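Visitor: Pasting a structure below so you can have a look.
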Amino acid sequence: MTNFRGDYLTRDVLSSMPFKSMGHDVMIHERVTLVGIENVSIGSHVRIDPDVILLATGPLTIGCYVHIAPAAFIAANSGFEMKNFSNIAHGARIYTINDDYSGAHLMGPTVPPEFLRISDGPVLMNEHSNLGAGAIVLPGVTLAEGSVLGALSMIGKSTDPWIIYGGVPAKPIKERRRDAIKMGEELMTPERFSQNYTR
């Protein structure tokens with residue numbers, strides 16, 4: 001197969017970059033934008049695809065067995081964490097800081113702080129939580145274990161475990177099965193964890 005601009009960074013290149021920490025079996029595409037690399041911690045069995053933007057002006061932590069699909073955007077100004085087995089689909093966006101849209105203040109990164117009113121809060125994706133394509137997560141949201149935000153949905157409130165949410169604003173749709181918990185535990189055993197699976 002012939003690729004054009006389709007390569008992932010080599011292990012040598014990754015090890016030369018000043019990540020806070022990095023596990024094994026990690027694939028990061030050459031077209032990923034990384035701001036604040038020294039604030040980024042990455043576990044093992046992780047793949048980050050093309051055109052992802054990671055703005056790690058605050059701490060950004062990625063667990064194990066995690067996938068971030070193309071064109072995802074994460075603004076981790078106030079902190080962002082993805083725990084094990086969480087995933088972000090194509091074009092999803094996560095914000096940990098937001099302007100005031102009321103008109104009472106100015107907006108944007110070029111305006112001095114005294115003219116702004118910023119709302120902020122860390123975002124946490126617990127184990128087995130997932131974001132659908134084009135989903136939007138606002139500051140301060142915790143996605144509970146196993147919760148899913150459907151494609152093109154937006155959420156500004158924390159979720160309950162193992163529930164699928166959808167819509168704008170997102171509302172609970174239905175409960176998920178929990179079989180993934182046992183499978184995840186099996187992959188975390190030393191004999192399985194030490195292998196390479198990322199493709």
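Visitor: Check SER119 against each of (1) farther than 30 Å from PHE193 by Cβ; (2) at pLDDT 95 or above; (3) touching a Pro at 6+ places or on another chain (Cβ under 8 Å) and name the one condition it does not meet.
Guide: SER119 satisfies every listed condition except (2).
Visitor: I would also like to ask the following. So, in segment 105-154, exactly how many residues are open to solvent by 70 Å² or more (accessible area, probe 1.4 Å) and over 20 Å from GLU81 (Cβ atoms)?
Guide: Number of matching residues: 10.
Visitor: Name the one entry in ASN3, ASN77 that is part of a loop (DSSP other than H, G, I, E, B), open to solvent by 20 Å² or more (accessible area, probe 1.4 Å), modelled with pLDDT of 95 or more and not aliphatic (A, V, I, L, M). Don't jump to the end; show me each part of the working.
Guide: Working: ASN3 fails: modelled with pLDDT of 95 or more.
Just a single option satisfies the conditions, and that option is ASN77.
Visitor: Here's a follow-up. Only residues in segment 8-19 that are under 14 Å from ASP49 (Cα atoms) count as the first member; pair them with residues that are surrounded by fewer than 13 Cβ atoms within 10 Å (Cβ to Cβ), Cβ under 7 angstrom, at least 6 apart or cross-chain, and list the lot.
Guide: Taking only residues 6 or more apart or on different chains, the pairs are TYR8/GLU30; LEU9/GLU30.
Visitor: Sticking with this structure for a sec: Could you grab me the full set of residues in segment 62-84 that are aromatic (Phe, Trp, Tyr) and under 11 Å from the mean Cα position of the chain (by Cα)?
Guide: PHE73, PHE80, listed by residue number.
Visitor: PRO161 fails exactly one of the following numbered conditions: (1) within 18 Å of VAL66 (Cβ to Cβ); (2) part of a loop (DSSP other than H, G, I, E, B). What is the number of that condition?
Guide: (1)
Visitor: Now a separate question. Pick out the one residue from SER129, SER119 that is small (Gly, Ala, Ser), under 17 Å from ALA69 (Cβ atoms), in contact with an Asp or Glu (Cβ under 8 Å, 6 or more places away or on another chain) and touching a residue at least 12 places away in the same chain (Cβ under 8 Å).
Guide: Working: SER119 fails: under 17 Å from ALA69 (Cβ atoms).
Just a single option satisfies the conditions, and that option is SER129.
Visitor: Right, another one. Please work out which residue is nearest to LYS83 (Cα to Cα), limiting yourself to segment 164-179 and to residues that are open to solvent by 30 Å² or more (accessible area, probe 1.4 Å) and either assigned to a strand (DSSP E or B) or modelled with pLDDT under 95 (or both).
Guide: Applying the filter and picking the extreme gives ILE164.
Visitor: One residue is enough: does segment 55-66 have a residue meeting the conditions in a loop (DSSP other than H, G, I, E, B) and farther than 23 Å from SER15 by Cβ? Working first, answer last.
Guide: Kept after step one, since they are in a loop (DSSP other than H, G, I, E, B), are these residues of segment 55-66: 56-59, 63-65.
Add one more test, that the residue is farther than 23 Å from SER15 by Cβ, and what stays is 57-58.
Checked against the condition, which is being in a loop (DSSP other than H, G, I, E, B) and farther than 23 Å from SER15 by Cβ, segment 55-66 yields at least one hit.
Visitor: Does any residue in segment 73-101 that is free of Cβ contacts under 8 Å to residues at least 12 places away in the same chain come within less than 8 Å, Cβ to Cβ, of a residue that is open to solvent by 30 Å² or more (accessible area, probe 1.4 Å) and part of a loop (DSSP other than H, G, I, E, B) six or more places away or on a different chain, and which pairs are these?
Guide: TYR101/MET107
Visitor: Right, here's the next one. Here is a list of conditions, (1) on the phi < 0 side of the Ramachandran plot; (2) without any contact (Cβ under 8 Å) to a residue 40 or more places away in the chain; (3) in contact with a strand residue (DSSP E or B) (Cβ under 9 Å, 6 or more places away or on another chain), and PHE4 meets all of them except one; can you say which number that is?
Guide: Just one mismatch for PHE4, condition (3).
Visitor: Are any residues in segment 7-43 of a type in the set (S, T, N, Q) and open to solvent by 50 Å² or more (accessible area, probe 1.4 Å), and if so, which ones?
Guide: Correct list: THR10, SER15, SER16, SER21, THR33, ASN39.
Visitor: Enumerate the pairs (first residue in segment 179-199 and free of Cβ contacts under 8 Å to residues at least 40 places away in the same chain; second residue anywhere and of a type outside the set (Gly, Ala, Ser) and open to solvent by 80 Å² or more (accessible area, probe 1.4 Å)) with beta-carbon separation below 8 Å, excluding pairs fewer than 6 apart on the same chain, so at least 6 apart or on different chains.
Guide: As it stands, the answer is ARG192/GLU186, since those pairs meet every condition given.
The values are calculated or read from the model by the stated rules, or taken from the named source; none is laboratory data. Just so it is clear, the structure is predicted and the values come from calculations on it, not from any experiment. Positions of Cβ are backbone-derived with ideal geometry, glycine not excepted, and every protein chain shown enters the neighbour counts. Ligands, DNA and RNA are stripped out before the accessible areas are found, and what is left, the full protein with its side chains, is counted by its heavy atoms. Shrake-Rupley method; radii C 1.70, N 1.55, O 1.52, S 1.80 Å.
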